[in-house]
Every structure is written in C-alpha cells, then in structure tokens.
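Presented below is the structure to which this report refers.
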Amino acid sequence: MQILLPLFFGTGIPIPIGSTLMVTTCLVIIGLNSYKVFNLSETIDTEYITEIIQEIIFVVTPGRSVKYMNACGTKFFKINPDEHLSVSTIFNHSKDALDAFEKQVLIPSFNSSLPGNYQFSMNDKDGKEVYWDVTTYKIYNKLIMDGLIVMCRDISDRALLAEARLSALRTQMNPHFIFNSLNSIQYYIHRYKRKAAESFLSTFSILMRKILDNSSKFSIPLSDEINTVELYLRLEKARFGDRLNYEICVADDIDQENTLVPSMLIQPYIENAIIHGLGPLDKGGKVDIMITHASEALLCVVTDNGVGRQKSRELKAKRTVAKTSYGMSITEARLGILNQKLDVPVSVKVIDLINELNEPSGTRVEIYIPVNERF
C-alpha cells in the first residue's frame, strides 16, 4: 500500500514517499541522523527523491499558490517549472476540472485535520480522460498549517478495466430485464384482450428504448431513472392488476434534471420486491418508492408490504421447478465495481418489516446514492 510521508530536512523541501520500502529507508536514515552517524543534508538530496517518483507531486498554499511541482507534474500539465504557478494555471485547460479539483480535493483536504484520499477524473490537455488516486497531507510550520502536499497517482488503466467490467454486467442485466418483461407480455396476451395487449406492447417498446439508451451510460439524470421505473411499474401493474399498486414520491427540493445517478440502479430492487415480496399475495400488494436528501446523498427507499424475505425463501424451496434469479446477484456485482469509481460509495440496507403481532409485513430497502450534479 502506498502512503505519502512528509519529511522536512535542512533544505525545507518536503519529501513525498511513494512506497513502504522508501518509508523504511527514510526512517532508518532519520534514525542514523538522530545519532549523528552522518549528516543527512549532505548525504541525501531531498528534491532528487521527488523528481524520480513517477507520480504528480506538488505543494499548494491555502491561497492556492503552487510553491513546488516535480518533473512528472510539469510534464503532465505541460508547464514551465520556473514560472509562477497557481492551481488555476495548472488547470487552465478546463474550468470544469479546476472547479471539480477545488471542490472534491482541495476544500475537504484543507478542512480536515487528517490525511485525505480521493479519486478524481478529468480530461487532460489532449482531451484524454484520466483517473487519479489523490493523497493529500498538510504541512505545518510551528504548528500553523501553511500548505498541502498533493500526490496524484494515475489509475486510468484500473478505472478503464472497471468500466469494461461494469459494461459487461449491464449487458447481462438487460437480457434479464427484457426476459422478465416478455414474461409479463406473454401472461397479459393470454388474457385475450387485444387492445390492452397493444397498449402493453407500446409501453414495452418505449421502455426498451429507454433501457437501450440508459444502459450505455455510466450515469443519467434522476428524471430518466424515475421515468424508466414508472414505465416498468405500469407494465407490472397491467399484469398483476389489483394485486399491485405503487406510488413514487420525489422530494420537491431535488432537481431531477440536474441530479445524476448510476443508470438502472433502482429498478432491480423494485423488481425484486414485486416478484418475491408481492408475487405470493392474492390482493392488496403495494410498492412505495420515496427519494429524499440524506446528508450529502440521495436516499431512495423501496418499501413493499409483501410476505417478507424469510417467507419468500420458504416458498421458493417448495417449488417443484427451481428458478434461478440473476437480477440481484448482477446488481450486487455492479455495485462492487461501481463503488471503485465513486468518491462516496453507494450503500444498500435491507430491513425486514414486522407488524404489531410480530409477523413479517414486508421489506424496506434503503439505497444511499452519492449526490452528483450535471451543472
């Protein structure tokens, strides 16, 4: 595991240390120096260490002036190391990148008393998307904080691999989603209601278009996700009839067009509630979807009044023909990879509901989604 250790020697230049081996070496040198075995400032060139580390390293003041940048950094940003630098000059190719780095890295780093670790992405000056794992450490001078060491590791290859795996899982999820929808269509058509079937197929075609559009994107506006969920629920309502009712409620202070969420994240939990929770009921099934703000995240709560998880497992075990459900396992795999790309992970909490008689009365799923805005 790489860490960054700020050390201050005779030259006053901080030495960011990029590996456990280097940390051990420097600690030994410090120990020898404390016993006056040799003069450290004459034995090691601190600036040389930062220059040979192939990671972007720079020192920024609270006023956003950049006081030092190593060779890897000046090469990446294509700047003259001798000119007066600031955060705005090194990110002068993109105001969006500048604003994002300020908001996601610098502000939380200066506000925290602890070292920080962040993931950050942007387009470089050549238009190539890069991903950084950023570590920050505060610099203190006589107990007064007067700077920040920033170390940026390029993890673009790892991020691209995660995106490829995420795309593969989305590809798996689409046929699963379509398969369940086609089962709904088949069930409905068998009722011999031609006009209703035509309406059903029209809704289904719109839904498929939405899925095809959204599944290729990492994130989409919340309004698109809600629209997809509502189309899906309309199809299931047509199949279940009075056995299914639903309600979608989004807090008024949420800008649905501007708020971005991972695509196809909410629908699988609703599908799971309908199939496994409400499916065994003869009547009166309901799913409520409520989306509100929760600290710095969106909280999406999916509540059903179904038979509960334990009863669902018991009914599944009694079936003559076992059916394998792939939806939730694929969704869980997606979350694992998705969270590698997000600064704040998506978290999911499942709660078994109990009525006043201590009997199962449904399930509540709480999905915490980090807030991401388009503008």
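Of all residues in segment 121-148 being touching a Lys or Arg at 6+ places or on another chain (Cβ under 7 Å) and closer than 17 Å to residue 73 by Cα, which is modelled with the highest pLDDT?
148
All but one of (1) crowded, with 16+ Cβ neighbours inside 10 Å; (2) modelled with pLDDT under 85; (3) over 28 Å from residue 370 (Cβ atoms) hold for residue 334; which doesn't?
(3)
Of the residues that sit in segment 71-128 and are within 16 Å of residue 153 (Cα to Cα) and among the small types (Gly, Ala, Ser), which one is surrounded by the most Cβ atoms within 10 Å (Cβ to Cβ)?
73
So which residues in segment 104-120 are assigned to a strand (DSSP E or B) and at pLDDT 80 or above, if there are any at all?
116, 117, 118, 120
Kindly provide the set of residues from segment 253-275 that are touching a Phe, Trp or Tyr at 6+ places or on another chain (Cβ under 8 Å), part of a loop (DSSP other than H, G, I, E, B) and within 15 Å of residue 371 (Cβ to Cβ), ordered by number.
258, the sole residue that qualifies.
Applying the selection to segment 54-91, what residues are part of a helix (DSSP H, G or I) and under 17 Å from residue 126 (Cα atoms)?
72, 73, 74, 75, 76, 77, 89, 90
The values are calculated or read from the model by the stated rules, or taken from the named source; none is laboratory data. Model, not experiment: these values are computed from the prediction. Here Cβ is always computed from backbone atoms with ideal geometry, including for glycine, and neighbour counts include all displayed protein chains.
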